[in-house]
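Every number here is computed from the coordinates shown, using simple stated rules; none is lab data. All values reported here derive from a predicted model rather than from experimental measurement. Please note: Cβ atoms are built from the backbone with ideal geometry, for glycine as well, and neighbour counts cover all protein chains shown.
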Amino acid sequence: MNERPIRILLVEDNAGDARLTREALKQIKVPVAVHVAVNGIQALDFLYRRGEYKESPRPDLVLLDLNLPKKDGREVLEDIKGHPSLRSIPVVVLSTSTSPTDINRSYELHANSYISKPMDLEGFLEVVQGIEKYWLTVVKYPQELNA
Amino acid sequence: MTQSQKTESGLLQVLLVEDNPGDVRLTQEAFKDAKVQLAMHVATDGVDAMQFLRREGKYLDMPRPDLILLDLNLPRKDGRDVLAEIKSDSSLMTIPVVILTTSASDVDIESSYMLHANCYISKPVDMEGFLKVVRSIDTFWLSVVKLPPRGAL
């Protein structure tokens, strides 16, 4: 594993959820750098390094909420997975929705995994820790554009 | 679909595509401790795997897997070809595919994600490491993740 922190782009409009996720991610041994985008447009600006994000790094992992202002999470997902230079970035959908349609559609759009956010704090922390344990310590990321 | 769901009685169906018998046995052993009840099916080469998924030949009555664990280096049909076929077939593409291989090559990792592998894991060569990795797959995919709903297609 590289020495530099694992870069996570968290796309989440709910400030409370964003803070909780950051807190939960801080508690692990693996160093992470979390960037937050609060809507779909901002997420894509970050990924395409547009405007104020000109210097932003390529994330190793994207945690994506589905229901977002300005541009929906489904559209963001479709954009990432349809773009050759972004496609290989793993996208974990993290949504309160448990609708089979949302789950199925997300996998069709090539979400790397779909996780439904528990409403209670304990469950929420458990899920975030489950993601980090798996995605940050077990899974291998594309290294190509890390420089 | 409804009927097969009933007969499967809630068991999670996992398809392991692996040609090395030792690795097959170890993976099966590791999954036995799983918290989730599952049925593991094994295909030992790429052609076999595609027949299983398309329910051809001897696989006519096989269930649709909820999760696929796929080795990359396989006889007859390579794992990369299997992955590409699954992810471009509208009736199979939503099934999560976990690449589980000894290769840690950046080229293999990048190209697997480009072909829409759901994640890439390189198999540790030591037994303890291997068991740990298999258990983490079990914990994550079978209890944290929402898998595609059955019968949605």
With r as the distance between the Cβ atoms of B:R25 and B:K77 and R0 = 25 Å, compute the FRET efficiency 1/(1 + (r/R0)^6) and round to 0.05. 0.65
State to the nearest 20 debye the size of the charge dipole of the range A:1-117 about its Cα centre, where the only charges are +1 on K and R beta carbons and -1 on D and E beta carbons. 320
Given H placed on each backbone N at 1.01 Å, which residues far from A:L10 in sequence or on other chains put an amide H within less than 5 Å of it? A:H35, A:V36, A:A37, A:L63
Computed magnitude of the charge dipole of the range B:69-115 (debye, nearest 20; Cβ of K, R +1, Cβ of D, E -1): 140
Within straight cross-link reach of B:K77, meaning Cα distance under 19 Å, which aspartates and glutamates are found once same-chain residues fewer than 8 apart are removed? B:E18, B:D19, B:D23, B:D45, B:D48, B:E56, B:E85, B:D89, B:D108
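Between B:H41 and A:H83, what's the calculated FRET efficiency when r is the beta-carbon distance and R0 is 45 Å? Round to 0.05.
Numbers: r = 35 Å, r/R0 = 0.77.
Efficiency, rounded to the nearest 0.05: 0.80.
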Electrostatic dipole magnitude of the range B:8-153 [Cβ: Lys, Arg +1; Asp, Glu -1; Cα centre; debye, to 20]: 500
Sort A:23-32, A:104-113 for me by packing, meaning the mean count of neighbouring Cβ atoms within 10 Å per residue, highest on top. A:104-113, A:23-32
Could you point to the residue in B:V125, B:G10, B:L60 farthest towards the positive end of the protein assembly as shown's charge dipole, with +1 and -1 charges on the Cβ of Lys/Arg and Asp/Glu respectively? B:G10
Would chain A count as rounded, prolate or oblate if I go by the C-alpha gyration tensor, calling it rounded below 1.5 in a/c and otherwise prolate when a/b exceeds b/c, oblate otherwise? rounded
Estimated inter-spin distance, B:D61 and A:R49, nm [label 7 Å along Cα→Cβ]: 5.8
Using a 10 Å cut-off around each Cβ of peptide A:104-116, what is the average number of partner chain Cβ atoms that fall inside? 6
Under 5 Å, built H, 5+ apart or other chain: amide partners of A:S97: A:K117
Other chains' Cβ within 10 Å of B:139-145 residues: what's the mean? 6
Among B:K58/B:K123; B:K35/B:K146; A:K133/B:K123; B:K32/B:K132, the pairs whose Cα-Cα distance exceeds 22 Å are B:K58/B:K123
Expected 222 nm ellipticity per residue - DSSP helices of 4 or more, -39500 (n - 2.57), all of chain A, to 500: -10500 deg cm²/dmol
Report the FRET efficiency, 1/(1 + (r/R0)^6), for B:M127 and A:A15, where r is their Cβ-Cβ distance and R0 is 45 Å, rounded to 0.05. 0.50
